[in-house]
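Here the structure is laid out as structure tokens; the discussion comes afterwards.
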């Protein structure tokens, strides 16, 4: 049920009716409500699952001994989530009331990003002078990108991500 709800909310946003999620899962609405007494409980469960996954990804990035690879991977995962999980990301980044409950986790992710940028800068793996705000501007550009079909969005966001990472990386000789 959560798998179907995650996919439905990611594709169609958190305002998708419960009866549509039940239909996609091949269940009755009453079955969904037996597991999740309110629509908000279902939304919260899906968002909590996503936050847990993002926290694990950030932990892995911070544990990566190669700071540039860790930062690059984090930016690429963010871009991938923007394409595959747009409805969930919009909620978690503050544009939906359901995301408010996860403000503390958002701040923790922001601190993790700061550490990744600082590590990469200290190791000389990024362009001199690259700031956390520069990286955030790039992430906002990725998150604001809209394209017609999911396929064209994936291609365009991939190209944008490559351009951003190319600008962040240490210039060649």
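Any number yet on Rg/Rh for the stretch 83-157, C-alpha, Kirkwood?
Rounded to two decimals, Rg over Rh is 1.04.
What is the gain in length, in nm to one decimal, between residue 41 and residue 77 on full extension, counting 0.36 nm per residue of separation less the C-alpha to C-alpha distance?
Going from the current span to full extension adds 10.3 nm.
Once the Cα atoms of helix 2-12 and of the chain are each reduced to a long axis, what angle between those two axes, in degrees from 0 to 90 to the nearest 10, is obtained?
Helix 2-12 and the main axis of the chain meet at about 70 degrees.
Suppose the chain between residue 146 and residue 106 were pulled fully straight at 0.36 nm per residue; how much longer would it get relative to their current alpha carbon spacing?
On the way: separation 40, 0.36 × 40 = 14.40 nm, distance 2.26 nm.
Stretched out fully, the residue 146 to residue 106 stretch lengthens by 12.1 nm.
If you average the sequence gap of Cα pairs under 8 Å that are 6 or more apart and divide by the length of the chain, what percent do you get for the contact order?
23
Report, to one decimal in Å, the Kirkwood hydrodynamic radius for the chain based on all distinct Cα pairs.
Result for the chain, one decimal place: 17.3 Å.
Return the whole-Å distance between the Cα centroid of the stretch 92-134 and the Cα centroid of the stretch 44-58.
16
Give me the extension gain from residue 34 to residue 2: residue separation times 0.36 nm, minus the current Cα-Cα distance, reported in nm with one decimal. Let's see the in-between values first.
Numbers: separation 32, 0.36 × 32 = 11.52 nm, distance 1.33 nm.
Roughly 10.2 nm would be gained on extension.
Nearest 10 degrees, 0 to 90: what angle lies between the long axis of helix 67-84 and the longest principal axis of the chain (Cα atoms)?
30
To the nearest 500 deg cm²/dmol, what mean residue ellipticity at 222 nm is calculated for the chain from DSSP H runs of n ≥ 4 alone, each contributing -39,500 (n - 2.57), summed and divided by the residues?
Helices in the chain give a 222 nm mean residue ellipticity of -23500 deg cm²/dmol.
No lab work stands behind these numbers, since they all come straight from the coordinates. None of these values were measured; they are calculated from a predicted model.
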